[in-house]
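*Asks:* Before I ask anything, let me first share the structure, which is written out below as structure tokens.
Read-outs: derived from the displayed coordinates by stated rules, not from any lab. Worth saying up front: this structure is predicted, and the values here are computed from it rather than measured. Counting neighbours? That spans all protein chains shown, and the Cβs are built from the backbone with ideal geometry, glycine included.
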């Protein structure tokens, strides 16, 4: 059910991941949803976001660790995302993005899950860069994260992976200079 | 009805802008929706996105035109977006982003509207920068656009305008160097 929920969120966010959709996609009996997730949709979605977070941290870490020079690390990361978005036929985005843009004020619990996911990702990215001071590395990692989320949007509308490679080239310039 | 549709899309994308929601928010009688928009939801949403596009082009043009030096232009633009997102209490995002992340394959008509909106915005931004060659200015404008869309996501999850000011500072460095 967690995998089905991640898939639905990547396609159409919170609104696409209703209990009925999750039941249909996962093939699990409806009763089992409330057995495993007594708090219903918010609980499934929270756990699915946390599960995705672990996977994307590994994905990002591996891409950044694959190269040594700062500019090469950035290019490797954005190339990996460019491949990822093309493999999903430009229909699958980052669920952190899709769910963030569906947040309502009453979903504070989910907002905190997303904020934590972004914070963890930023900290991981920052560890790969040394800009002379940790605050600058954190800030650069924030820009990398912002750019990844934005590129997912444009790739989907433009049916192209170019927003990732384009952003990667510019951020590589900053990385080469900064560290 | 167009204004109501824009407001709904900025909050929760395509899924939030159903005909019933639009009728409720606009106060218009339900019959009038199909009178003015015989093709229903896709038509209203398309026209609302085009209407928003005109407004955001003016908003971006004014912010960029308010300063002369490239780095100052970027800082002015991202400060303007930081104010905009805070004024919306971090609940209102760019409808291009929210709708892009709700796109389904059968909504090709809407995807083209979004692609055009992004293309127009990129062309407008590029006009304000001279990187020695037009392709580099276009590519930088693409990065600016990507960053704006991504910052809207993070601002919403983090309830903070910092992703805009943070990105503005970095992109101002690139602008200062590049032109």
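*Asks:* Compare A:63, A:71, A:157 in a GNM of chain A, Cα atoms joined below 10 Å, and give the one with the largest fluctuation.
*Replies:* Sorting by GNM fluctuation, first place goes to A:157.
*Asks:* Let me ask something additional. Rounded, prolate or oblate, given the Cα gyration tensor of the range A:25-116, with a/c below 1.5 counting as rounded? Working shown, then result.
*Replies:* On the way: a/c = 2.42, a/b = 1.99, b/c = 1.22.
Prolate.
*Asks:* Between helix B:162-178 and chain B, what is the angle of the helix's C-alpha long axis to the longest principal axis, kept within 0 to 90° and rounded to the nearest 10?
*Replies:* The answer is roughly 50 degrees.
*Asks:* Please compute the Kirkwood hydrodynamic radius over chain A, one decimal place, Å, based on all pairs of different Cα atoms.
*Replies:* 17.0
*Asks:* If you don't mind, there's one more thing I want to ask. Could you work out, residue by residue across A:10-18, how many beta carbons of other chains sit within 10 Å of that residue's beta carbon, and then give the average as an integer?
*Replies:* 4
*Asks:* Defining a contact as two alpha carbons under 8 Å apart and six or more residues distant in sequence, what relative contact order in percent does the range A:24-125 show?
*Replies:* 31
*Asks:* Would you please report the Å³ per residue occupied by the convex hull of the alpha carbon atoms in the range A:134-179?
*Replies:* Spelled out: Cα convex hull of the range A:134-179, divided by residues, is 44 Å³.
*Asks:* Now a separate question. When a/c reaches 1.5 or more, the comparison of a/b and b/c decides; with that in mind, is the range B:85-179 rounded, prolate or oblate per its Cα gyration tensor?
*Replies:* oblate
*Asks:* While we're on this one: Who wins for biggest fluctuation among A:103, A:124, A:14 in a Gaussian network model of chain A, springs between alpha carbons below 10 Å?
*Replies:* Comparing A:103, A:124, A:14 in a Gaussian network model of chain A, the most mobile one is A:103.
*Asks:* Okay, moving on. Please report the relative contact order for the range A:93-179, taking Cα pairs under 8 Å with a sequence separation of at least 6, and give it as a percent rounded to a whole number.
*Replies:* Rounded, it is 27 percent for the range A:93-179.
*Asks:* Quantify how strongly other chains surround peptide B:138-146 by giving the mean number of their Cβ atoms within 10 Å of each of its Cβ atoms.
*Replies:* Partner Cβ neighbours, averaged per residue: 6.
*Asks:* Pulled fully out, how much extra length does the chain show between residue B:62 and residue B:133, if you take 0.36 nm times their separation in residues and subtract their Cα-Cα distance?
*Replies:* 23.2 nm
*Asks:* Nearest 500 deg cm²/dmol is fine: what mean residue ellipticity at 222 nm does the protein assembly as shown get from its DSSP H runs of n ≥ 4 alone, each adding -39,500 (n - 2.57), divided by its residue count?
*Replies:* It lands at -26000 deg cm²/dmol.
*Asks:* Between the range B:13-80 and the range A:106-158, what is the separation of their alpha carbon centroids in Å?
*Replies:* Their Cα centres are 27 Å away from one another.
*Asks:* Moving on. Determine the relative contact order of chain B: mean sequence separation of Cα pairs under 8 Å and six or more apart, normalised by residue count, in whole percent. Write out the running numbers ahead of the final one.
*Replies:* Values: 207 pairs, mean separation 49.6, N = 179.
This gives 28 percent for chain B.
*Asks:* Taking each residue of B:162-172 in turn, how many C-beta atoms of other protein chains fall within 10 Å of its C-beta, and what is the average?
*Replies:* Other-chain Cβ atoms within 10 Å of each residue's Cβ, averaged: 4.
*Asks:* Sorted by mean Cβ packing within 10 Å, highest first, what order do the peptides B:25-35, B:50-60 take?
*Replies:* Going by the mean number of other Cβ atoms within 10 Å, highest first, we get B:50-60, B:25-35.
*Asks:* Classify the protein assembly as shown from the C-alpha gyration tensor, please: rounded if a/c falls under 1.5, else prolate or oblate depending on whether a/b exceeds b/c.
*Replies:* oblate
*Asks:* In square nanometres and to one decimal, what's the mean projected area of the convex hull around the Cα atoms of the range B:1-60?
*Replies:* On the way: hull surface 15.2 nm².
Convex hull of Cα atoms, orientation-averaged projection: 3.8 nm².
*Asks:* Between A:109, A:47, A:166, where does the largest GNM mean-square fluctuation fall for chain A, given springs only between Cα atoms within less than 10 Å?
*Replies:* Result for chain A, Cα springs under 10 Å: A:109 fluctuates most.
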